Every structure is written in C-alpha cells, then in structure tokens.
Amino acid sequence: MQVIIVLDVAALEQADFIQITDYVAMIALAQIDPDVDPAYPSILDLFSEEGTQEPVMTRWDRAYLQALYGAPQTASTTGANLSSIALNLARELGLSEEEETLGPTD
C-alpha cells in the first residue's frame, strides 16, 4: 500500500512541525475527513477557522486511535464495529455510558 499526502504550503505557516506531523498522523491513521468538526478538543482543529490550535495530539485524539485500532475486526456489521469503537473510546477516556456519544461530528 502506498500513501500520498499533499500539504498546502501556505497553510503550513499557521502551525509548527509537531502540530503538522500529529495532524497528518491523525488523518492518515484514522482515515478521517480532514474537514470534520470534532466534538472534543483535537489536533483536527488545526486548520479550522473557529477551532483552537492544539499544540499536539490531544487525549481524545490518542484515545480515538487506541479505540479504533483496539476494536476487534471480527464484527459482522459496520454498526457493530462502530459500537465497539465507541465503547472502547469511552473506556479510554473514563466516561460514563451517558457520555459515550464521542465520534467526530459531521
């Protein structure tokens, strides 16, 4: 598998090297739409006009990746996989069942 990542040089002036590498890692590893509007502080807000620029991947970002890659890939449906990821994410963040609505928002 090969990956090609294209970066807007003008946009890179808004961030430092660590922010850019964390942002690219999050986009590439999670295969998330870069225009997503996360519900929690995230490196994904790096180029958002309204978001706060995080200095590095946040606790939520790391928990999301751990939940995504820690979910069993044996579920028979996409919904089962998503439920497993959401449950793992809630566990990683130490949230109660009421707070488990945690994915990036569209």
Quiz item: Could you give the length gained on full extension between Asp33 and Thr74, defined as 0.36 nm per residue of separation minus the Cα-Cα distance, in nm?
Solution: 12.3 nm
Quiz item: Say each of Ile18 and Leu87 gets a label point 7 Å from the Cα, pointing the same way as Cα to Cβ; how far apart are those two points in nm?
Solution: 3.6
Quiz item: In terms of the Cα gyration tensor, with a ≥ b ≥ c the square roots of its eigenvalues, is the stretch 1-52 rounded because a/c is under 1.5, prolate because a/b exceeds b/c, or oblate?
Solution: oblate
Quiz item: What is the calculated FRET efficiency for Arg59 to Leu7, with r their C-beta to C-beta distance and R₀ = 30 Å, to the nearest 0.05?
Solution: 0.75
Self-check item: Local electrostatic count, Glu54, Cβ distance below 14 Å [Lys/Arg +1, Asp/Glu -1]
Solution: -3
Practice problem: Tell me which residues come under 5 Å, amide H to amide H, from Asp37 once H is placed; ignore anything under 5 positions away on its chain. | Solution: Thr105
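Values in this text are rule-based calculations from the coordinates and carry no lab data. None of the values given here were measured: they were computed from a predicted structure. No Cβ is skipped: glycine too gets one built from the backbone with ideal geometry, and neighbour counts run over all protein chains shown.
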